[in-house]
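Participant: Pasting in a structure now, in structure tokens, and then I'll have a few things to ask.
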Amino acid sequence: MALSFGVTVLPDPPYTRLIELMQKAEGHGFEYGWTYDSHILWQDSYATLPLVAAATEKIRLGHCVTNPGIRDPTVTASWYATMQDISNGRMVMGIGRGDSSRRVVGLKPVKVAEFEARLRMIKDLMNGRKVEWNEKELQLEWVRDELPEIPMQVAGYGPRALGVAGRVGDGVIIQLADPQIIQWIMETARKAADEDGRDPEALQCIVCAPSHVSGDLADAREQVRWFPAMVSNHVMDLIGRYGADSDEIPAALTDFVKARKFYDYKEHSRIGAKHGEFVTDEICDRFCVLGNAEQVTDKLRELESIGVDQFNIYLMTHGQEETLASYGDQIIPQFGRVAA
């Protein structure tokens, strides 16, 4: 199947900007519109996404990513089911253990075993099935049977979280565009799916990374150093659990954090973040999708060739409208899809 395209927009004030960019993305042929869920750093996207749904017609909407540990997981399930009704079947859930959303308020990411239990419950409850939770039988009896299933895409880097993705998720959200690491991540998740009796090939691969379409590579790299630094938060967790030289984690994922000094969540996903200064040009090129339209297309072809189903642009760079237009005019048409 041909590569599809999504975009992630920060829920920064003014909230009208989120709506405007999602409308532009839909007009340029993007099939998926995502946003962050970090309620202290930005506006609460659980409040703003319904406004996006009302202002759009076709684009599928969801979080990249929410988590099951800030809100009660039954609330998250009910919200997604409600939004599936409001949007007439356009929701897709992206969910992880919780990074900025939880750390900023003094909490750690949800433990993996609890993460899996909560995801199993959420997936069933938001899709209208009965669940047992807190020794109670629960069901959202008002879920519309004629609407499609809300897919659950699970974010993760380490073997244990990827095991959850394989056993529970409909796909894997991967926050980097390095083909070698992507293949390792998908192999790990698909192995877990296979061991659980699920079809490993049915597991979708959603790659998320900044993309800046420009002939000025030096400037493009300066705009995206924040991104590998953000990824390094998750890698540091993996090193803490598995060790810096573990054979369970590829060196391609862990080596780059050796020069990391600190991380400031006040500059989370911001151009020019000081904590990104350790990131090399090589890592920018590996983890992101940069260059002129031809170079960008070549890298996306490579991602498509290794089985990536969706490329999701993290739209936290300069020239947001120009990026959307470049993709809509020059890149998306080359991949043989139009917005569904």
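The values are calculated or read from the model by the stated rules, or taken from the named source; none is laboratory data. Just so you know, these numbers come straight off a predicted model, no measurement behind them. Using ideal geometry, Cβ is built from the backbone for each residue, glycine included, and neighbour counts are taken over all protein chains shown. Calculation scope for accessible area: heavy atoms of the full protein, side chains included, ligands and nucleic acids excluded. Shrake-Rupley method; radii C 1.70, N 1.55, O 1.52, S 1.80 Å.
Participant: Exactly one of these conditions fails for GLU57: (1) among the charged types (D, E, K, R); (2) surrounded by fewer than 24 Cβ atoms within 10 Å (Cβ to Cβ); (3) over 22 Å from SER4 (Cα atoms). Give me its number.
Facilitator: Single failed check for GLU57: (3).
Participant: Do any helices (runs of 4 or more DSSP H) lying entirely in segment 108-214 carry at least 2 residues that are open to solvent by 30 Å² or more (accessible area, probe 1.4 Å) and over 24 Å from GLU248 (Cα atoms), and which ones are they? Write out each step before concluding.
Facilitator: Working: elements: 112-126, 159-168, 179-195.
So the answer is 112-126.
Participant: Of everything in segment 265-278, what is under 20 Å from the mean Cα position of the chain (by Cα) and in a loop (DSSP other than H, G, I, E, B)? Give them in sequence order.
Facilitator: Answer for segment 265-278, where residues must be under 20 Å from the mean Cα position of the chain (by Cα) and in a loop (DSSP other than H, G, I, E, B): HIS268, SER269, ARG270, ILE271.
Participant: Out of the residues in segment 215-232 meeting the condition of being closer than 17 Å to LYS299 by Cα and among the aliphatic types (A, V, I, L, M), tell me which one is most open to solvent (accessible area, probe 1.4 Å).
Facilitator: Among those residues, the one meeting the criterion is LEU217.
Participant: Find the helices (runs of 4 or more DSSP H) located wholly in segment 279-340 whose residues include 2 or more that are more than 21 Å from GLU26 (Cα to Cα) and open to solvent by 10 Å² or more (accessible area, probe 1.4 Å), and list them.
Facilitator: 281-287, 293-305
Participant: May I pose another question? Between PHE262, PHE227, PHE256, which is outside any helix (DSSP H, G or I) and among the aromatic types (Phe, Trp, Tyr)?
Facilitator: Values: PHE227 fails: outside any helix (DSSP H, G or I); PHE256 fails: outside any helix (DSSP H, G or I).
Step by step, each of PHE262, PHE227, PHE256 is checked, and only PHE262 is outside any helix (DSSP H, G or I) and among the aromatic types (Phe, Trp, Tyr).
Participant: When both residues are 6+ apart or on different chains and their Cβ atoms are under 7 Å apart, which pairs have a first residue that lies in segment 51-80 and is free of Cβ contacts under 8 Å to residues at least 40 places away in the same chain and farther than 21 Å from GLN175 by Cα, and a second that is of a type in the set (A, V, I, L, M) and open to solvent by less than 10 Å² (accessible area, probe 1.4 Å)?
Facilitator: Hits for this filter: VAL52/LEU18; VAL52/MET22; VAL52/LEU61; ALA53/LEU61; ALA53/MET83; THR56/MET22.
Participant: Quick one: what pairs do we get from segment 112-124, first residue without any contact (Cβ under 8 Å) to a residue 40 or more places away in the chain, second open to solvent by less than 30 Å² (accessible area, probe 1.4 Å), C-beta under 6 Å, 6+ apart or different chains?
Facilitator: That search, which allows pairs on different chains as well, returns ASP124/VAL131.
Participant: Just give me the residues in segment 5-36 being touching a residue at least 60 places away in the same chain (Cβ under 8 Å) and open to solvent by 10 Å² or more (accessible area, probe 1.4 Å), in sequence order.
Facilitator: LEU10, LYS24, GLU26, GLY27, HIS28, GLY29, GLU31, TYR32, TYR36
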